[in-house]
């Protein structure tokens, strides 16, 4: 009888090989895997991947090295995706069920069966009993997603990489909606407030809304969850200035909507939308595994279409809630081709099948985890003193800015505030860090202190005017 190999185990080997562009030996692959596999078992799995075309073997015996195929193997799809406007080939391994979904959706909408919202698809899901992700898949994601540092308060990891996360997730999530900003355009917009020439203001608004929504999740890491407060406010951030009815931002839908290029017809009765929305939140909150929790939300929130628009954007950011809270690597959807993501969501809408979306989710998380592991390595370990006093630093800096204090006034305020609120042995160091942070405040980092753009601009006028007088 042929030995069964889980897809998660095969993906883990492929992921280990991708870390070696020049090819990986069996021993290098073994070292990269979380499980201590017997050599014979690893050789069997490597042979399976080579036979399936998912890996290429060069050399033999002790000199054999394994490579990722340059072209998509059987069960993979290569799609051009833009990075800074350039086309790039990205190969995503797809399961057989995932390929079936793509084949079905390749038919024109007129050839597909019209369907409505299937409430049983939601109601039949029992948290911690029903699972979309297998045990092996969850264990694999847990292994690659854990940054491996001591227990810290919720949101510590996300704060540590916040500057990168704001740009990556804002750009990729917007790109999946058809936004044409490049990565460089997005960085300039977020860090310097510069809109790209020749682009619609709506595109800039979409990206800036993402930035504010991500900052909201990270700043409120200990308070967010799958509840109305979090999800409604998340929609409020993401939909700001983008809907015909501005009051619809952060409010559940009470109008009928359609899905472009789909035969799926969402719920129309406001009472039923509200009931299902609350049921989604209750089930999501009850799920114990953070990866199952994230994927459940990516499946069920867009399927319900609880808002007038911006539903998929809400689901992508909401999927990061358990990762932010548990200090796991975030999911930024880097390099996910828009066409495959669209088909994956349509597979849920029209077929109630999650297989293709799961393929995308796992592949994307592997890619995101590898990226942020490298980012964290370049940034080093978080400063424990800053972590301990992060809220105090945030408060004193924001007070200086909101009160439009001059340099002398700011120094006096920091000294007074520190004496009243910080333990004596730590006062000198706290004051030094607060003053340093204030001097380093600029257009690309003020949001982390809860400061609004208008407040920052007004304070900066006072601050730079005083500097000009000193120089003259």
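The values are calculated or read from the model by the stated rules, or taken from the named source; none is laboratory data. If you're wondering where the values come from, they're calculated on a predicted model, not measured in any experiment. FYI the Cβ positions are ideal-geometry reconstructions off the backbone, even for glycines, and counts take in every protein chain you see.
Considering 331, 301, 317, which residue is crowded, with 24+ Cβ neighbours inside 10 Å and outside any helix (DSSP H, G or I)?
331
Which ranges mark the helices (runs of 4 or more DSSP H) fully within the range 132-226 that have 2 or more residues being farther than 18 Å from residue 325 by Cα? Outline the logic, then answer.
Numbers: elements: 135-145, 156-160, 162-175, 183-192, 201-219.
In the range 132-226, 135-145, 162-175, 183-192, 201-219 are the helices (runs of 4 or more DSSP H) which contain 2 or more residues that are farther than 18 Å from residue 325 by Cα.
Given the criterion farther than 20 Å from residue 367 by Cα and within 15 Å of the chain's Cα centre (by Cα), identify the matching residue among 155, 178, 193.
Working: 178 fails: within 15 Å of the chain's Cα centre (by Cα); 193 fails: within 15 Å of the chain's Cα centre (by Cα).
Among 155, 178, 193, only 155 is farther than 20 Å from residue 367 by Cα and within 15 Å of the chain's Cα centre (by Cα).
Assuming residue 247 fulfils every condition listed in (1) in a helix (DSSP H, G or I); (2) crowded, with 16+ Cβ neighbours inside 10 Å apart from one, which condition is it?
(2)
Between 72, 21, which is modelled with pLDDT under 85, assigned to a loop (DSSP other than H, G, I, E, B) and buried (at least 18 other Cβ atoms within 10 Å of the Cβ)?
One residue alone meets the criteria, 72.
Name the residue that is modelled with the lowest pLDDT, counting only residues in the range 118-135 that are surrounded by fewer than 17 Cβ atoms within 10 Å (Cβ to Cβ) and farther than 21 Å from residue 351 by Cα. Before the answer, list the steps.
First pass over the range 118-135, keeping only residues surrounded by fewer than 17 Cβ atoms within 10 Å (Cβ to Cβ): 118-121, 123-124, 126, 128-130, 134-135.
Narrowing the set further to residues that are farther than 21 Å from residue 351 by Cα leaves 128-129, 135.
On the way: 128: 97, 129: 97, 135: 94.
Among those that are surrounded by fewer than 17 Cβ atoms within 10 Å (Cβ to Cβ) and farther than 21 Å from residue 351 by Cα, it is 135.
Given the options 266, 290, name the one that is closer than 27 Å to residue 355 by Cβ and within 17 Å of the chain's Cα centre (by Cα). Break it down stepwise before answering.
Values: 266 fails: within 17 Å of the chain's Cα centre (by Cα).
None of the others qualify; the one that does is 290.
What residue, among those in the range 75-111 that are over 19 Å from residue 368 (Cβ atoms) and assigned to a loop (DSSP other than H, G, I, E, B), is modelled with the lowest pLDDT?
Restricting to residues being over 19 Å from residue 368 (Cβ atoms) and assigned to a loop (DSSP other than H, G, I, E, B), the top hit is 85.
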